[in-house]
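Engineer: Pasting a structure here, questions to come.
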Amino acid sequence: MKANYGYMDGSGEYYITIDTDKCMECSEHFCVKACPAGLFRIIEDDYEDMVAEIIPNKRQAIKYDCAPCKPLEDRPELPCMAACTPQAIEHSW
Amino acid sequence: MVTIGIDVGAKNAKILILKDGEILISKYRESGFDQAGVTTALLDETLAELKLTRDDITSICSTGAGRKAVTFANEVVTEVSATSRATFEMYPEVRTVIDVGAEEGRAIRCGERGKVEDFAINEKCAAGSGAFTEAMARALELTVEELGKISLDSSASVPMNAQCAVFAESEVISLLHANTAKQDIAKAIHDAIASRIVSMTRRVGLNKPIALVGGMARNVGFVHSLNAAIEDEVLIPDSPEMTAAYGAALIAAERAA
Amino acid sequence: MAKEFWRWKEYNWQDENLNWRDGKVITGGVDVGSVSSQAVVMVDGELFAFSNMRTGSDSPNSALNAMNWALENTGMTLDHFDFIVGTGYGRVNVPFADKAITEIACHARGGNYMYGPTVRTILDMGGQDCKAILCDERGKVTNFLMNDKCAAGTGRGMEVFADLLGVSIEDVGDLSLDVDEEPPPVSSTCVVFAKSEAAGLLREGWSQSRVLAAYCSAMAHRVFTLLERVGVSPDFAITGGIAKNIGVVSRIERELNLTALKPKHDTQIAGALGAALFGKALVEKGKGRKNKAVA
């Protein structure tokens, strides 16, 4: 399953996509500690797989919470994506 | 040499007349739906007040969202360039400028002599601009000025969850129904927008000292929340809403020299 | 008090031809939304009863009231269930539920039952959010997004426009189709900015219908963009309050070049229906209640 967390508003589309088919194969869950804004947590999803999700009350402000990791200049690899061993995380912006 | 800067914003059109580096006059009025008509009238009235004619003017530079409506301008610059240029004139040491107007919020990193190095914009969504506080003030049946003032009297912190101005309005009304003090709601509103502006600014780098310009700099509640968020005091010019018009007039003078 | 964006009636329904006492597996689903709550009862995977009512200020009570209303005069009580699943915004506040499952998963499973296994894309547009869900032939979610951050594309956004124009919300759809030719859509996505834009258009002499047409098509385009992110594939269905607005639905269908499926039941029960079906699957996995009362 592709789970898209985030939103679209007048200024653009801000989604973090977690590919749960890849995510459920991972037991390391480095993403949780890697994110400086603490956006990720591991849950048992509706299909009883252990996967990462974006914490519900953080989903409406990811454009702002992710901003420090997305400087306009010299943008390094995002810590969440770098930490994710199964490469299950994508950002839309 | 006399030059003019005209900034046609989403809400107000501003004019500023500069003579040999000195500001002679500045004025503003609602830009409305006939921006060309409003700016022409504003120009002619301001010139008449100074007993000047269009022949006395060396150059006119327009800026702002409606800058193309100023048909009589011979120079056009973006508001980012104009704001950056004016900030350099006022605060040569500043490298980060936050500009929050009626419909847009911007953060600019400037280099030497006010050259723009990078900028981030929050546009097309009311959550990151003056439109947000205006909508909230309406919901609380206060003016924006009153909303700003009472925010300073807040003693309790109230969480605001909604980001969207439309949903935040409903949240504010529910808070009122739950008998939450208006000053605490006001503080929550300003904290929310300040936090969005700061995270946008982080994208260009938060290098202190920071200047705050644009109409929102008049809102004492917002300024207070912003200062708390950056743990510093922003520098604010006397007429923060005139910054882009001032920059445009300065650029007009430079280009004519 | 939550505002109501679309006119809908509170009611309950029971299949009088089905004798639940002969059934083996009885499962329930309760969907507690911000505006409305539904309870569904299924007997061996067949829809037996449901109710649809307003959510009160207290979620646990709303859930119980909805379930009691669905069960009214059937002789069935909460003790007869093998499994009950809670879903929706208030899903963790259903005290008699055995499990909480997200509304996304429940909508997909309920949509699969309601529209049949060919449904692949479900668009749910509610009063305060908008969901785009892709699912497989078993009703399992393969891709989804939910937007509850921004009012554009929700019933709330439409209500702001209805208020501005002084028309009642249920007339918006028909009025918006009463134009000689389709005007260009309102250019601002943000409801606050779209509202000032619309005020300008009215001042320029645009008719009410023309302004509504411009907004409905902007809304349809926004929803189309949301759907593009998950990738639309037929068959396609629309649920939620906006499904009742022909002005938006017809414009979404035009943009997608697809016709939305017509449902067999009230689309408002899709979430609760899916919850009850999840319950049945869990019972089949041996996770049902061990202390069920004998009918």
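The values are calculated or read from the model by the stated rules, or taken from the named source; none is laboratory data. Predicted model only: the values in this text are computed from it and were never measured. Cβ placement follows ideal geometry from the backbone for every residue including glycine, while neighbour counts extend to all protein chains displayed. Accessible surface areas use protein heavy atoms only, side chains included; no ligands, DNA or RNA. Shrake-Rupley method; radii C 1.70, N 1.55, O 1.52, S 1.80 Å.
Engineer: Per residue Cα convex hull volume for chain B, in cubic angstrom?
Structural biologist: 117
Engineer: Report the charge-dipole magnitude of the protein assembly as shown in Debye, nearest 20, computed about the Cα centre from +1 at each Lys and Arg Cβ and -1 at each Asp and Glu Cβ. Write out the running numbers ahead of the final one.
Structural biologist: Numbers: 66 positive and 89 negative charges, 153 e Å.
Rounded to the nearest 20 debye, it is 740 debye.
Engineer: Leaving out ligands, DNA and RNA, and with a 1.4 Å probe, what % of the accessible surface on chain C is carbon or sulfur? Kindly include the intermediate steps, with their values, before the conclusion.
Structural biologist: Numbers: 5680 of 11940 Å².
So the carbon and sulfur contribution to the accessible surface is 48 percent.
Engineer: A follow-up question, please. In what sequence, largest accessible area first, do C:LYS9, C:LYS140, B:LYS51 appear using a 1.4 Å probe? It would help to have the intermediate numbers written out before the result.
Structural biologist: Values: C:LYS9 135, C:LYS140 60, B:LYS51 175 Å².
Largest to smallest exposure gives the sequence B:LYS51, C:LYS9, C:LYS140.
Engineer: State, in square angstrom and to the nearest 100, the accessible area buried between chains B and A, both chains counted, probe radius 1.4 Å.
Structural biologist: Summed over both sides, the interface buries about 1200 Å².
Engineer: Given the whole protein assembly as supplied and a 1.4 Å probe, what does the accessible area of B:GLU169 come to in Å², nearest 10?
Structural biologist: 50
Engineer: Let me ask another. Given the protein assembly as shown, what percent of its DSSP beta bridges are antiparallel, to the nearest 5?
Structural biologist: Close to 75 percent.
Engineer: If you line up the Cα atoms of segment B:19-80 on their principal axes, what length do they span on each, largest first, in Å?
Structural biologist: Largest first, segment B:19-80 extends 28, 22, 18 Å along its Cα principal axes.
Engineer: Once you average over the residues of C:151-158, how many Cβ atoms of partner chains fall within 10 Å of each Cβ? Kindly include the intermediate steps, with their values, before the conclusion.
Structural biologist: Working: counts 10, 6, 2, 3, 0, 5, 3, 0.
Taking the mean over all residues of the peptide, I get 4.
Engineer: Which residues of segment B:121-141 bury at least 50 Å² of accessible area once all protein chains are present, versus their chain alone (1.4 Å probe)?
Structural biologist: The answer is B:LYS124, B:CYS125 - residues whose exposure falls by at least 50 Å² when every protein chain is included.
Engineer: At what distance in nm do the modelled label points of C:SER34 and B:ALA257 sit from each other, each positioned 7 Å from its Cα along Cα→Cβ?
Structural biologist: Inter-label distance under the simple model: 5.5 nm.
Engineer: Also: Using label points projected 7 Å from each Cα along Cα→Cβ, tell me how many nm separate B:ASP238 and B:HIS177, to one decimal.
Structural biologist: Placing both labels 7 Å beyond Cα along the Cβ direction yields 4.8 nm.
Engineer: Something else now. Over 22 Å between Cα atoms, which of A:LYS33/C:LYS287; B:LYS187/C:LYS131; C:LYS9/C:LYS264 qualify?
Structural biologist: Too far apart for the 22 Å limit: A:LYS33/C:LYS287; B:LYS187/C:LYS131.
Engineer: Taking the Cα atoms only, what angle lies between the long axis of helix B:182-202 and the longest principal axis of chain B, rounded to 10 degrees?
Structural biologist: 60
Engineer: Determine the per residue accessible area of segment A:2-91 with all protein chains present and a 1.4 angstrom probe, expressed in square angstrom.
Structural biologist: Averaged over the residues of segment A:2-91, the accessible area is 46 Å².
Engineer: Between C:ASN68 and B:ARG29, how high is the FRET efficiency from 1/(1 + (r/R0)^6) when r is the Cβ-Cβ distance and R₀ = 45 Å? Nearest 0.05.
Structural biologist: In this case the efficiency is close to 0.10.
Engineer: How would you order C:132-139, C:272-279, B:226-233 from highest to lowest mean count of nearby Cβ atoms within 10 Å?
Structural biologist: C:272-279, C:132-139, B:226-233
Engineer: Counting other Cβ atoms within 10 Å, which trypsin sites (Lys or Arg not before Pro) in segment C:10-61 have at most 12 and lie in a DSSP loop?
Structural biologist: Loop-located and lightly packed - C:LYS24.
Engineer: Over chain B, what percent of the accessible surface lies on carbon and sulfur atoms, probe 1.4 Å?
Structural biologist: Accessible surface attributable to carbon and sulfur in chain B totals 47 percent.
Engineer: What nm distance separates the two modelled labels at B:THR143 and A:TYR47, each placed 7 Å from Cα along Cα→Cβ?
Structural biologist: 5.9
Engineer: Heavy atoms only, probe 1.4 angstrom, no DNA, RNA or ligands counted: give me B:SER84, C:SER168 ranked by accessible area, highest first.
Structural biologist: Reading off the accessible areas and sorting them downward yields C:SER168, B:SER84.
Engineer: List, by residue number, every residue in segment B:158-172 with a reduction of 50 Å² or greater in accessible area between the chain on its own and the complete protein assembly, 1.4 Å probe.
Structural biologist: B:GLN163, B:VAL166, B:PHE167
Engineer: Sequence neighbours fewer than 8 away in the same chain don't count; with that in mind, list the lysines whose C-alpha is under 16 Å from A:LYS22.
Structural biologist: A:LYS2
Engineer: Same structure, new question: May I ask which of B:LYS14/B:LYS149; A:LYS58/C:LYS195; C:LYS140/C:LYS262; C:LYS24/C:LYS262; A:LYS63/C:LYS149 have a Cα-Cα span longer than 23 Å here? If you can, show how the numbers build up before the last one.
Structural biologist: Working: B:LYS14/B:LYS149 25 Å; A:LYS58/C:LYS195 28 Å; C:LYS140/C:LYS262 21 Å; C:LYS24/C:LYS262 31 Å; A:LYS63/C:LYS149 11 Å.
Table pairs above 23 Å Cα-Cα are B:LYS14/B:LYS149; A:LYS58/C:LYS195; C:LYS24/C:LYS262.
Engineer: Compute the FRET efficiency between A:GLN87 and C:HIS221 as 1/(1 + (r/R0)^6), taking r as their Cβ-Cβ distance and R0 = 35 Å, and round to the nearest 0.05.
Structural biologist: Rounded to the nearest 0.05, the efficiency is 0.60.
Engineer: Then there's this: Between segment A:5-44 and segment B:77-106, what's the alpha-carbon centroid distance in Å?
Structural biologist: What the calculation gives is 35 Å, centre to centre.
Engineer: Let me ask another. Got a sec? What order do C:TRP69, C:TRP20, C:TRP8 fall in by accessible area at 1.4 Å, biggest, i.e. largest, first?
Structural biologist: C:TRP69, C:TRP8, C:TRP20
Engineer: Using r as the Cβ-Cβ distance of C:ASP136 and C:HIS265, and R0 as 22 Å, what FRET efficiency do you calculate, to the nearest 0.05?
Structural biologist: FRET efficiency, C:ASP136 to C:HIS265: 0.55.
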